[in-house]
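Visitor: Following this message is one structure expressed as structure tokens.
The values are calculated or read from the model by the stated rules, or taken from the named source; none is laboratory data. Here the structure is a predicted model, which means the values were calculated and not measured. Glycine also receives a Cβ, built like all others from the backbone with ideal geometry; neighbour counts cover every protein chain displayed. Note: areas computed on protein heavy atoms with side chains; ligands, DNA, RNA excluded. Shrake-Rupley method; radii C 1.70, N 1.55, O 1.52, S 1.80 Å.
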Amino acid sequence: MSSGGQLRDLLEPLGVYRWEGSYQWGELKSAGAVLDGVEETLALLRQEMNPATAQGEGLQLLSSLLSREYEDKDSQALRDCLTALLRVNESCFTLAAVNDALQGCGIPAQVEEGPDPLRLTVYFPESDGPPKNWDLIRGLIEDILPCHLEISYRFRFVTWGRMEAMYPTWAALEAAGVRWRDLG
């Protein structure tokens, strides 16, 4: 029901208004049309001010607060990334929270602590060598992790031991039809 109809329903019990063909009904319809426009604007504002539902301007404004550009992400990926970054605060730099923030930003990395409490090791369990877009990913990781910690990176590479475990003979390797870039 329109806002004009709701206004009429509110005033009808008073019994002092004539609705059919009267200027009063015209005034209520005009006021109702304005209120309908306000409701649409408020609905859009409610959507855009919540990171979980933002689609356009809200996501752009939130991402502009960050030090990196996130244009390559679609709306859902950007929403997930911003939500993960908003969960980070001064008291949540536990290993689980840092890994959660990295995963939320779509970075396929894991962080582990070593014997030195001021040193973290970042590794990429799903890729051989540095991941694609290494410079961007490295910048994002270093933006998320606390700046007072030393960060080292560990990469996984194809070794003969892994090759022998996957393909025990040359015939098995040739039968699989893999190329060098497919190994991993």
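Visitor: Would you pick out the residues in region 109-122 that are loosely packed, with under 14 Cβ neighbours inside 10 Å and either touching a Pro at 6+ places or on another chain (Cβ under 8 Å) or part of a loop (DSSP other than H, G, I, E, B) (or both)?
Guide: Result: G114, P115, D116, P117, L118.
Visitor: For region 123-154, give me the residue count where each residue is surrounded by 16 or more Cβ atoms within 10 Å (Cβ to Cβ), closer than 17 Å to C81 by Cα and in contact with a strand residue (DSSP E or B) (Cβ under 9 Å, 6 or more places away or on another chain).
Guide: 4
Visitor: While we're on this one: Suppose we filter G26, G5, G58 for residues that are out of contact with any Cys (no Cβ under 9 Å at 6 or more places or on another chain), part of a helix (DSSP H, G or I) and surrounded by 14 or more Cβ atoms within 10 Å (Cβ to Cβ); which single one remains?
Guide: G58
Visitor: Condition check: in a helix (DSSP H, G or I), modelled with pLDDT under 85 and either open to solvent by 100 Å² or more (accessible area, probe 1.4 Å) or closer than 22 Å to A101 by Cα (or both). Does L173 satisfy that?
Guide: The answer is no for L173.
Visitor: Right, next: Can you go through R79, R87, R18 and tell me which one is under 33 Å from the mean Cα position of the chain (by Cα), charged (D, E, K, R) and open to solvent by 70 Å² or more (accessible area, probe 1.4 Å)?
Guide: Every option except R87 fails the conditions.
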